[in-house]
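The values are calculated or read from the model by the stated rules, or taken from the named source; none is laboratory data. As the structure is a computational prediction, the values presented were derived from the model and not from experiment. Counting neighbours? That spans all protein chains shown, and the Cβs are built from the backbone with ideal geometry, glycine included.
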Amino acid sequence: MTALSAPPQRSPRRRRRLPAWAIVTIVVAGLLACIAALGVVGWIASQALLALGASPPGVGTRIVAPDESKAAQAAASGTGTPGEHDAAAYLAAQPTAYWLTPELDGIDEVQDRVLHLESEARTQSASLAIVVYGLPGRDCGNHSAGGLDEPAYQQWTQKIGDALRTAGDVRKIVVLEPDSLALAPQCGNVDERVSELRDAIERLASINTWIYLDGGHSDWLPPDQMASLIAQVGERDKIRGFATNVSNYQWSYNEFAYAHKVSDALGGSHAIVDSSRNGAGPTGDWCNPPGRLVGEAGGTYGDDVVDTNLWIKPPGESDGACNGGPPAGEWWATGAVGLTREVDPGAAK
């Protein structure tokens, strides 16, 4: 057997020291790599959180009770009778959509307004619901006439969209231009409205933002006609669906049935229903009808088509100068008392 020879021994070498500049370079590069890795991890984590928070509205959804609502302003003013104060305080505490109008929140103010509302949503651990209401020729010259011209409307909605895109962590519900589609056949401007709404959707669409087009209500246009108008707008990949009963008084049961018919005609779409003032149902008069009541709280009902019900029209704000009310959108203390007459005044929190 041949003996294995030992491997040749090498004389030890003296290790060379790296120069100071090289050591500093390596340390800095390592730190930068760690920061970059943390940044990637943070970005991935933030996207995961956004994905988790990006579910559409549903039963249990709670939206902001805005501290700048007209009900809150009326409650804070200290004016009026005790009953009027109690009604205002109760309504101020209820989660309700905030209406963005160019008359109150113009081009220079609207972005800050939305940012403030988003901050409120975080503080209240709630979703934000806004109504965008400023189209050119709004309401066809009726009680809510107004709006912006086309260039100003584009700028205004762009400002709103910019603000929505800053808050990916907040779920935003956007009701886009109530009555715009349902009124269009009567106003003779269907093509114009379709184009305006399509362009507005492009400016408003963003992460965790659920846009609902005007869907009229169950006692207005037939479901097939309403669906046809919505279909002309298109943008199915950027909107959630349509909103019904906004500022009206139809029973929620009828609105759910109507929403299903519109959805079927569209080949499947989602909806939300305004239940803010339908507690006593309709009377055939849409403008400040007497004897009405607030409806079920938002987030109470929902099914496979209707995501949920919400308070979209703020109770206590007038429909227009009719049945004793002030101009559209103004606070009406008498109307607020009537709507809350069966509510415990101590229920405001």
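Annotations
- Any hit, segment 187-198, residues being among the small types (Gly, Ala, Ser), closer than 22 Å to Leu229 by Cα and buried (at least 22 other Cβ atoms within 10 Å of the Cβ): no
- Of the criteria (1) among the aromatic types (Phe, Trp, Tyr); (2) more than 18 Å from Pro314 (Cβ to Cβ); (3) in contact with a Phe, Trp or Tyr (Cβ under 7 Å, 6 or more places away or on another chain), which one Trp210 fails: (3)
- Of all residues in segment 117-137, those that are of a type in the set (Gly, Ala, Ser) have Cβ atoms under 9 Å from Cβ atoms of residues that are surrounded by fewer than 20 Cβ atoms within 10 Å (Cβ to Cβ) and assigned to a helix (DSSP H, G or I), 6 or more apart or on another chain, in Ala126/Glu120; Gly134/Ala152; Gly137/Cys187; Gly137/Glu192.
- Cβ separations smaller than 9 Å between residues 6+ apart or across chains give the following pairs from segment 181-192 residues that are within 20 Å of Asn245 (Cα to Cα) to residues that are at pLDDT below 95 and in a loop (DSSP other than H, G, I, E, B): Leu183/Asn142; Leu183/Asn189; Cys187/Gly137.
- Single unsatisfied condition, Ile35 versus (1) under 20 Å from Arg277 (Cβ atoms); (2) modelled with pLDDT under 95; (3) not basic (Lys, Arg): (1)
- Test: residue in segment 179-198 that is assigned to a loop (DSSP other than H, G, I, E, B), modelled with pLDDT of 95 or more and either under 18 Å from Ile63 (Cα atoms) or of a type in the set (Val, Ile, Thr) (or both): no
- Which listed residue is on the phi < 0 side of the Ramachandran plot and in the same structural domain as Ala72 (by TED's automatic domain parsing), from Asn254, Asn245: Asn254
- Among the candidates Ile207, Ile173, residue that is in a loop (DSSP other than H, G, I, E, B) and in the same structural domain as Gly241 (by TED's automatic domain parsing): Ile207
- Taken together, the residues in segment 176-216 that are of a type in the set (Asp, Glu), farther than 14 Å from Val131 by Cβ and out of contact with any Leu (no Cβ under 9 Å at 6 or more places or on another chain) amount to 4.
- Whichever residue in segment 215-232 is over 22 Å from Asp304 (Cβ atoms) and not in a loop (DSSP other than H, G, I, E, B) and, among such residues, is farthest from the chain's Cα centre (by Cα): Gln225
- Test result for Gly168, part of a loop (DSSP other than H, G, I, E, B), surrounded by fewer than 24 Cβ atoms within 10 Å (Cβ to Cβ) and among the small types (Gly, Ala, Ser): yes
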